[in-house]
1. In region 69-103, what count of residues is obtained for those that are under 20 Å from Thr21 (Cβ atoms) and away from ligand 2 (no atom under 15 Å from the Cβ)?
2. I'd like to check something: does region 160-168 contain any residue that is assigned by TED's automatic domain parsing to the domain that holds Tyr42, among the hydroxyl-bearing types (Ser, Thr, Tyr) and over 18 Å from the mean Cα position of the chain (by Cα)?
3. For Val157, are the conditions met, namely being within 15 Å of ligand 2 (Cβ to nearest atom), farther than 17 Å from His70 by Cα and part of a helix (DSSP H, G or I)?
4. Name the single residue, out of those in region 190-222 being in a helix (DSSP H, G or I) and more than 15 Å from the chain's Cα centre (by Cα), that is surrounded by the fewest Cβ atoms within 10 Å (Cβ to Cβ).
5. Whether any residue in region 107-114 is within 15 Å of ligand 1 (Cβ to nearest atom) and either outside any loop (DSSP other than H, G, I, E, B) or buried (at least 17 other Cβ atoms within 10 Å of the Cβ) (or both) is what I want to check.
6. Condition first: more than 21 Å from Asp277 (Cα to Cα) and assigned to a loop (DSSP other than H, G, I, E, B). Now tell me which residues in region 172-189 satisfy that.
7. On the given criteria, is Arg3 in the same structural domain as Ser133 (by TED's automatic domain parsing), surrounded by fewer than 22 Cβ atoms within 10 Å (Cβ to Cβ) and not in a loop (DSSP other than H, G, I, E, B)?
Amino acid sequence: MKRWLLPEKGNFYKANLHLHTTVSDGIWSPEEAKRIYAERGYSILAFTDHEVFVPHNDLTDGNFLALNAHEIAVNEATARGSRFQRTYHLNFYAKSRGTALSPVFSESRIVKPSFTAHVTDEMRKTDARANYSTESVNALIRLGNENGFFVCYNHPVWSLQNYPDYCGLEGLWGIEVFNTSCVVEEMPDTTVPFDDLLRLGRDVFPICSDDAHIEPDLFGGWTVIKAEKLDYDAVIEALLAGNFYSSTGPEIRELYVEDGILTLKTDETRRVRVVSDWRSYSAARSIFPVREGEDFVARFPIRRLLDKYRAETDPGWQDSYFRLEIEGQNGTHAYTRAFRAREFSEFL
Ligand SMILES: [Zn+2]
Ligand SMILES: [Zn+2]
């Protein structure tokens, strides 16, 4: 029996899920941003301008899909000034192409005059204020989730946030593990908050994005989505199901389990790390892929790991997880989502 962890059917579409244009503080018009990314082989761009939710369905065509979104910032009140200020940055993505307004808008969060130009009277009817607290931010996330949006928690490192800031967040769909603009600003993200949330039982997905505002932010991190076709509904369905991986270099071609063996096919790869919530289990360390034709192939005895989970952590083994981190050339990585042991009960 073969079980595909990235769907067998469909096509891979390269996406940048975090971008700023002249609608807020990016340097490109939405049309220019589309051209720049399309020329580089991207099929999907999420327009996540600060605060204002402005749909860009007019940019969608047969080869390009615009996802409608915006990025909310909830800043800490501090006397030390904005460079020391902790902040929650969250991308809210509309599940439906027809969504015209965001339920989490608040004009009170608009800090730069350039953003004001896009505020409409319709937007002003919503005033979803929040303060810098887990409770208040959770209320915003809930408001989004209940009104046709899903939410990504962005760049914790740049935001000067630590475990106490994010451990209570609920209802997140994704978390950034790599953000190019934060690398440019010498504040690169890590996978630590991602694993922290996974260990707390939250099923969040790892996102690599550009968060592009200016030229140096381009093309550092992306998401590759496997969807049936390039249309809004199919791509959102794939995103919500976790049918994608994120990367700063390596390409994942196939991922499946068959007869208790997990198989990963990639392009050029140095090694594959199996990251889990377990300390030092010998089977859950690095795998060194071998070349087979055009692919590099890594195989991992997943049934052995799951048997071990069950034998040593009953009850609760079902919540254990593993995820794959693929190491490419020059320090690049690709990240799969985390898989919980309970998803593989048929092997036990
Ligand atoms: Zn941000
Ligand atoms: Zn941003």
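1. The first filter runs over region 69-103 and keeps only residues under 20 Å from Thr21 (Cβ atoms), leaving 69-73, 89-94, 97, 99-102.
Applying the additional criterion that residues be away from ligand 2 (no atom under 15 Å from the Cβ) yields 94, 97, 99-102.
So the count comes out to 6.
2. Of the residues in region 160-168, the ones assigned by TED's automatic domain parsing to the domain that holds Tyr42 are 160-168.
Next, from what is left, pick out any that are among the hydroxyl-bearing types (Ser, Thr, Tyr): 163, 166.
Narrowing further to those that are over 18 Å from the mean Cα position of the chain (by Cα): 163.
Taking every residue of region 160-168 in turn, at least one turns out to be assigned by TED's automatic domain parsing to the domain that holds Tyr42, among the hydroxyl-bearing types (Ser, Thr, Tyr) and over 18 Å from the mean Cα position of the chain (by Cα).
3. Values: within 15 Å of ligand 2 (Cβ to nearest atom): yes; farther than 17 Å from His70 by Cα: yes; part of a helix (DSSP H, G or I): no.
No; evaluated as a whole, the condition is false for this residue.
4. Residues of region 190-222 in a helix (DSSP H, G or I): 192-199, 215-217.
Those still in the list that are more than 15 Å from the chain's Cα centre (by Cα) too: 196, 199, 215-217.
Numbers: Asp196: 17, Arg199: 14, Glu215: 10, Pro216: 13, Asp217: 25.
Ranking the qualifying residues of region 190-222, first place goes to Glu215.
5. Looking for residues that are within 15 Å of ligand 1 (Cβ to nearest atom) and either outside any loop (DSSP other than H, G, I, E, B) or buried (at least 17 other Cβ atoms within 10 Å of the Cβ) (or both), one finds at least one in region 107-114, hence yes.
6. Glu185, Glu186, Met187, Pro188 - these are the residues of region 172-189 that are more than 21 Å from Asp277 (Cα to Cα) and assigned to a loop (DSSP other than H, G, I, E, B).
7. On the way: in the same structural domain as Ser133 (by TED's automatic domain parsing): no; surrounded by fewer than 22 Cβ atoms within 10 Å (Cβ to Cβ): yes; not in a loop (DSSP other than H, G, I, E, B): yes.
No; evaluated as a whole, the condition is false for this residue.
Okay, residues lined up against (1) over 21 Å from Gly242 (Cβ atoms); (2) under 23 Å from the mean Cα position of the chain (by Cα); (3) not in a helix (DSSP H, G or I):
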| site | (1), (2), (3) |
| --- | --- |
| Lys265 | no, yes, yes |
| Val275 | no, yes, yes |
| Arg291 | yes, no, yes |
| Val297 | yes, no, yes |
| Leu305 | no, no, no |
| Pro315 | yes, no, yes |
| Gln318 | no, no, no |
| Glu325 | no, yes, yes |
| Arg337 | no, yes, yes |
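The values are calculated or read from the model by the stated rules, or taken from the named source; none is laboratory data. If you're wondering where the values come from, they're calculated on a predicted model, not measured in any experiment. All Cβ positions, glycine included, derive from the backbone under ideal geometry; neighbour counts span all protein chains shown.
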